[in-house]
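Participant: Sharing a structure below in structure tokens format, with a few things to ask.
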Amino acid sequence: MNIDTKSFSQSFAEQLRRNLVALISLSVAVTSLSYATWRNEVTEFNRNQRHGGFEVLIKLNELQLVVFHNRYDQTLQDKGNPRLGWAYVLTIQDLAQVLQAPMPDKSAALVQVWSDNWQSIGDEQSSVDAILNQIEVMRATQYIKINMISANTMASGHLEDDMPLFDCTFL
């Protein structure tokens, strides 16, 4: 029994020595594949965050136009229609749900401010100011997020985003 164990040890060591290059190559390939997969996932996440962020900015600007038309161009009822504003507010809320914090909370605040003030936009400047203030809060938060993604991309020297986003809950 002792001879079989010694023979097995020698046989195993010999096979390991013969196939060492293949084993190292296999481990390098698996490690490289794992890293590439992780990097692609992070890149896709950041790309989705950037795209969603730009969509939110577009909808915020369209909402701002509805407020301006309703307050200052009351003859253009179709462009300042509060129902159109509701559509933008709800779209912004939906888009913000796929973005990182604090955007979902900021969008909930926008819905609340719009809900409290949409009926008096044409009559009270304070309602316009409250809505525009919340739009600016969301816009500033999103600018910071997008700039961080861009800074990470430039710092890494890659066209893709290979670094996760930072948290902006301080806004």
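Participant: Suppose we filter Leu16, Leu26, Leu33 for residues that are more than 30 Å from Val98 (Cβ to Cβ), modelled with pLDDT of 90 or more and surrounded by 10 or more Cβ atoms within 10 Å (Cβ to Cβ); which single one remains?
Facilitator: Details: Leu16 fails: modelled with pLDDT of 90 or more; Leu33 fails: more than 30 Å from Val98 (Cβ to Cβ).
Going through Leu16, Leu26, Leu33 in turn, the sole match is Leu26.
Participant: Another question, if that's okay. Report whether or not Phe54 is open to solvent by 70 Å² or more (accessible area, probe 1.4 Å), in contact with a helix residue (DSSP H, G or I) (Cβ under 9 Å, 6 or more places away or on another chain) and closer than 30 Å to Leu99 by Cα. Working first, answer last.
Facilitator: On the way: open to solvent by 70 Å² or more (accessible area, probe 1.4 Å): yes; in contact with a helix residue (DSSP H, G or I) (Cβ under 9 Å, 6 or more places away or on another chain): yes; closer than 30 Å to Leu99 by Cα: yes.
Considered against the rule, which asks whether it is open to solvent by 70 Å² or more (accessible area, probe 1.4 Å), in contact with a helix residue (DSSP H, G or I) (Cβ under 9 Å, 6 or more places away or on another chain) and closer than 30 Å to Leu99 by Cα, Phe54 comes out as yes.
Participant: To continue, here is another question. Among the numbered criteria (1) open to solvent by 90 Å² or more (accessible area, probe 1.4 Å); (2) of a type in the set (A, V, I, L, M, F, W, C); (3) closer than 30 Å to Trp114 by Cα, which single criterion is violated by Phe68?
Facilitator: Of everything listed in (1) open to solvent by 90 Å² or more (accessible area, probe 1.4 Å); (2) of a type in the set (A, V, I, L, M, F, W, C); (3) closer than 30 Å to Trp114 by Cα, Phe68 misses just condition (1).
Participant: Can you tell me how many residues within segment 98-118 are assigned to a helix (DSSP H, G or I) and open to solvent by less than 60 Å² (accessible area, probe 1.4 Å)?
Facilitator: Quick first cut of segment 98-118, residues assigned to a helix (DSSP H, G or I) only: 103-118.
Then keep just the ones that are open to solvent by less than 60 Å² (accessible area, probe 1.4 Å); that gives 103-104, 106-111, 113-115, 117.
Looking only at that region, the number is 12.
Participant: Here are some residues: Lys145, Lys59. Which one is more than 22 Å from Val42 (Cβ to Cβ), buried (at least 19 other Cβ atoms within 10 Å of the Cβ) and either among the charged types (D, E, K, R) or without any contact (Cβ under 8 Å) to a residue 12 or more places away in the chain (or both)? If you could, list the steps in order and put the result at the bottom.
Facilitator: Values: Lys145 fails: more than 22 Å from Val42 (Cβ to Cβ).
Only one candidate passes the filter, namely Lys59.
Participant: Something else: Show me the helices (runs of 4 or more DSSP H) found entirely inside segment 1-97 where at least 3 residues are among the β-branched types (Val, Ile, Thr).
Facilitator: Numbers: elements: 2-18, 20-72, 82-96.
Those helices (runs of 4 or more DSSP H) span 20-72, 82-96.
The values are calculated or read from the model by the stated rules, or taken from the named source; none is laboratory data. Quick caveat: nothing in here was measured; it's all calculated off a predicted structure. Cβ atoms come from the backbone with ideal geometry, glycine included; neighbour counts cover every protein chain shown. Surface accessibility is based on the protein's heavy atoms, side chains included, excluding ligands, DNA and RNA. Shrake-Rupley method; radii C 1.70, N 1.55, O 1.52, S 1.80 Å.
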